[in-house]
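This is the structure I want to talk about, given as C-alpha cells.
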Amino acid sequence: MTVRVLVVDDECDVEMLFRQQFRRELREGRFVLDFAQSALVALAKVREADGGTIILLVSDINMPGMSGLDLLPRIKAERPDLPVLMVTAYGDATTRQAALERGAEGFLTKPIDFSALRSEVQARLAA
Amino acid sequence: MTQVLREELSVAAAQTSARALDLQRRRERAFHDVIKRINVSRGDVAEVFEYMLEHALDFCEASLGILFTYSEGVYRSVAYSKISDDFRRWLSGRDIIAEPETGLGRIARSRVPLHIDDVRGEKLYQSKNPLRIATADLGGARTFLAVPMLSGEELVGAFTIYRAEVRPFSPEQIEMVEAFAGQAALALTNARLLEQLDGKTREITRSLEALRGAQSRLIQTEKLAALGQLTAGVAHEIKNPLNFINNFADLSAELADELQELLASADPGALDEANEVAKTIKVNLGKVVEHGRRADSIVKNMLLHSRDGSGERRAVDLNAVADESLQLAYHGARAENPSFNARLSTAFDPNIGSVDVYPQELARVLLNLISNALYAVRKRQCGGKDPSFEAEVKLTTQGAPEEVEIRVRDNGTGIPEDVRARMFEPFFTTKPPGEGTGLGLSLSHDIIVKQHGGRIDVDSRVGEFTEFVITLPRQHGADQRSAT
C-alpha cells in the first residue's frame, strides 16, 4: 500500500507546484501526493477507509471557512499518530506558538523552502 | 429818565438773548461736526479727540487742551491741542498717577469738574509737584478746567483745557466742555468695545482654524487607519501570487536543465520525455504570467483605494467592488489576528445592472462596514459562551428599477439601542481607546447620504445579529461634475 502525503491549501496551483517539486520522488514511487482544497475535504479524506495510508499532512493556515489552525486539533483527535506540518504566509511568533500548542509537528513559512519540506517528508517516511 | 432806562434795558436784554442764541447755534454746530467725525472714524479716537479739543479751545477761548484716558489709577495723555513741544515731550508716554492733590487726582475722586483760577497760586505749585510744575512752566497754563469723562459710573478719562492768562471760564463754557467730555467718554467706550470685539473675533477665528486643523488631522488618521487595514490585507494577497511566480520560475529553470540533459542523451525514449518536459515548462511560464497579472491588479486596486480625492462618479461593477472590499477587509482582520477566521458568504445579484458611484469612496464605506462586522463577530467569538458558534459575515447585492441595495449582515454582538442612536456621530465609538477614531461610520454615512444621495439603514438584535442596508440611487439627480 503506497503511503500518501495529503496537502491542504485553497489555492489550486499548489498541486502543480508540489507535483513538480517532488517529481523525482513521485516517479520513484516513494509516496503519492493527494490534495484537498478545504479543511473539510481534508477531514473527510482522513476519515475515509483508506485514510490510514496518509502518513503526513501539510496544511496552509489561511483558508476561507475552517482555518488550518482549527483543522489541526480535529485531525489530532481523529488520528493522534498523524504528523501535521503547518505552512503559512503569516510567520509571526503568536501563530507559530498557536500551531505548536495545538499539536503541529512543524511550522514552515511561505515561500516554502522545498528542501526543508523534503527533509521533513524523508523523516516521516523513514519513521 | 425811566423811559431811557427802559429802552437801554430792553436793548441790553435783546443783545443778551441774541448772544445766547448765537452761542446756542455755535454749540449745536460744533456738536454736529463732532458727532459726524465720531461716526466716520470708527476706531481712530485720537483724531476725534483732537477735533473735540480744537472745538473746545475755540469755543471756550482757551489756549491749550489735553485729553487723558484713565485706567486703574493712572492717566495717560492721548490727544493734544495747541500745546508746546516741551510740554508735549514731557507728557508723551508718561503714566500720570492720580495723586490726590493734583487736579487730575481730585476729579478722579470727586467725579465733578474742577476749575482752578491760577495753577501757580496753589500750594501744589509751591511744593514743586512735577505735574503741576510741568503744566504751569512747560505748558504755560494759568487758568485750568478739568472735566471727568464718565462711562456710567466708571471714570475713563479727563478733558482738560487751559488759559495762558488768569481768566476764569464762564458757566456756559464749562457746560460746553462737560458736553464734550460726555461725547469723548462715549467715543472712547465705543472704541474700546470695538477693540474687544475685534479681539474676540480674532480669537474665534483662531479657534476655528485650530478646530479645522484638528478635524482634518483626525480624518487623515481615519484614512490612514483604513489604509493600514488595506495595506495589511493587500500585502498578504500579493505574497501568494509572488510565491507562485518565484516557484514556477525556479522549477522551469530546473526543468530546462533536465531538458538539455535529455536532448544530449542517446536514450530512445528521451525525445518523448523531452517534449513532455518542454510542455511543462511552457505551462509553468503561463502560470508565471497569470500570477504576475494577479499581483499587478492587486497593486492597481490598492492604488485606487489610497488615492486622495474622489475623482469622477462613474458606472462600476458593484458586485466586483463589494467582493473586493470583502476580501480586503477579511485579510486586514486576519493580519491583525492570524487565528481569527469567519465564514464569508456572498449573494450577488447577477442582474444588478449599472450604478453611478464614486468607486473609492464606496469601497471605503464597504470596507468600514465589513470591518465592523468582522470586529463584532470576533467579539462574540471571543466571548466564548458558545463553543459551536460559527462567525459569519454575509454580503448581498440586489438590483431594483431605480436603485440598488447592498446588505452587510453579521451574527455578532449586535448594537444596543443607546448606541444605535449615536453611532453615526463623528468621534463616537464603542471601541477601547486607541482602537478606533470613531469616524468610520460618520464618514460612511456622509459618503452614502451626502455624496451619493442614498440611505443607510440598520437592523440589529443584541447578541444575535446586525445588518446594514445601503440603498443607492442608480443615477444621481444633480450632476456633480464641475463646469471646467
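In contact (Cβ under 8 Å) with a residue 12 or more places away in the chain and either surrounded by 17 or more Cβ atoms within 10 Å (Cβ to Cβ) or part of a strand (DSSP E or B) (or both): is that true of B:Leu53 in this structure? Before the answer, list the steps.
On the way: in contact (Cβ under 8 Å) with a residue 12 or more places away in the chain: yes; either surrounded by 17 or more Cβ atoms within 10 Å (Cβ to Cβ) or part of a strand (DSSP E or B) (or both): yes.
Considered against the rule, which asks whether it is in contact (Cβ under 8 Å) with a residue 12 or more places away in the chain and either surrounded by 17 or more Cβ atoms within 10 Å (Cβ to Cβ) or part of a strand (DSSP E or B) (or both), B:Leu53 comes out as yes.
Name the one entry in B:Leu64, B:Leu9 that is surrounded by 17 or more Cβ atoms within 10 Å (Cβ to Cβ) and of a type outside the set (Gly, Ala, Ser). Can you show your working first?
Numbers: B:Leu9 fails: surrounded by 17 or more Cβ atoms within 10 Å (Cβ to Cβ).
From the options B:Leu64, B:Leu9, the qualifying one is B:Leu64.
Are there any pairs, at least 6 apart or on different chains, whose C-beta atoms fall under 7 Å, with the first in region B:239-251 and more than 9 Å from every other protein chain (Cβ to nearest Cβ) and farther than 27 Å from B:Gly332 by Cα and the second at pLDDT 90 or above and open to solvent by less than 50 Å² (accessible area, probe 1.4 Å), and if so, which?
Note: pairs meeting the criteria are B:Ala249/B:Val288.
Would you confirm, using the coordinates I've provided, whether B:Leu218 is in contact with a Phe, Trp or Tyr (Cβ under 9 Å, 6 or more places away or on another chain), farther than 23 Å from B:Met52 by Cβ and surrounded by 13 or more Cβ atoms within 10 Å (Cβ to Cβ)?
Numbers: in contact with a Phe, Trp or Tyr (Cβ under 9 Å, 6 or more places away or on another chain): yes; farther than 23 Å from B:Met52 by Cβ: yes; surrounded by 13 or more Cβ atoms within 10 Å (Cβ to Cβ): yes.
So B:Leu218 passes the test.
While we're looking at this one, here's another question. Could you grab me the full set of residues in region B:336-369 that are crowded, with 21+ Cβ neighbours inside 10 Å and either at positive phi or within 14 Å of chain A (Cβ to nearest Cβ) (or both)?
B:Pro338, B:Asn341, B:Ala342
Has region B:226-233 got any residue that is within 14 Å of chain A (Cβ to nearest Cβ), over 16 Å from the mean Cα position of the chain (by Cα), modelled with pLDDT under 90 and assigned to a helix (DSSP H, G or I)?
Our first condition is that a residue be within 14 Å of chain A (Cβ to nearest Cβ); within region B:226-233, this holds for B:232-233.
The next check asks that each one be over 16 Å from the mean Cα position of the chain (by Cα); those that pass are B:232-233.
Next cut, modelled with pLDDT under 90 only: B:232-233.
Now narrow it down to the ones that are assigned to a helix (DSSP H, G or I): B:232-233.
Yes, region B:226-233 contains a residue that is within 14 Å of chain A (Cβ to nearest Cβ), over 16 Å from the mean Cα position of the chain (by Cα), modelled with pLDDT under 90 and assigned to a helix (DSSP H, G or I).
Something else about it: If A:Ser115 meets every condition in (1) out of contact with any Asp or Glu (no Cβ under 7 Å at 6 or more places or on another chain); (2) open to solvent by 40 Å² or more (accessible area, probe 1.4 Å); (3) not in a helix (DSSP H, G or I) apart from one, which number is that one?
Condition (3) is where A:Ser115 drops out.
Still on this model: Take the residues of region B:166-210 that are of a type in the set (Asp, Glu) and touching a residue at least 40 places away in the same chain (Cβ under 8 Å): which is surrounded by the fewest Cβ atoms within 10 Å (Cβ to Cβ)?
Of the residues in region B:166-210, the ones of a type in the set (Asp, Glu) are B:172, B:175, B:178, B:195, B:198, B:203, B:209.
In the following step, the residues that additionally are touching a residue at least 40 places away in the same chain (Cβ under 8 Å) were identified as B:172, B:178, B:195.
Numbers: B:Glu172: 15, B:Glu178: 17, B:Glu195: 11.
Of everything passing the filter in region B:166-210, B:Glu195 is surrounded by the fewest Cβ atoms within 10 Å (Cβ to Cβ).
May I ask you to list the residues in region A:79-96 that are exposed (fewer than 13 other Cβ atoms within 10 Å of the Cβ) and either within 10 Å of chain B (Cβ to nearest Cβ) or touching a helix residue (DSSP H, G or I) at 6+ places or on another chain (Cβ under 9 Å) (or both)? First the steps, then the outcome.
So in region A:79-96, the residues exposed (fewer than 13 other Cβ atoms within 10 Å of the Cβ) come out as A:80-81, A:91-94.
Result: A:Gly91, A:Asp92, A:Thr94.
What's the total number of residues in region B:395-423 that are farther than 13 Å from B:Ile352 by Cα and free of Cβ contacts under 8 Å to residues at least 24 places away in the same chain?
From region B:395-423, those farther than 13 Å from B:Ile352 by Cα are B:395, B:407-423; that's our starting set.
Checking which are free of Cβ contacts under 8 Å to residues at least 24 places away in the same chain leaves us with B:417-419, B:421-422.
Within region B:395-423, residues that are farther than 13 Å from B:Ile352 by Cα and free of Cβ contacts under 8 Å to residues at least 24 places away in the same chain number 5.
The values are calculated or read from the model by the stated rules, or taken from the named source; none is laboratory data. Fair warning: this is a prediction, and the values are worked out from it, not measured in the lab. Heads up, the Cβs are rebuilt from the backbone with ideal geometry, glycines too, and the neighbour counts pull from every protein chain shown. Surface areas here come from the heavy atoms of the whole protein model, side chains and all, with no ligands, DNA or RNA. Shrake-Rupley method; radii C 1.70, N 1.55, O 1.52, S 1.80 Å.
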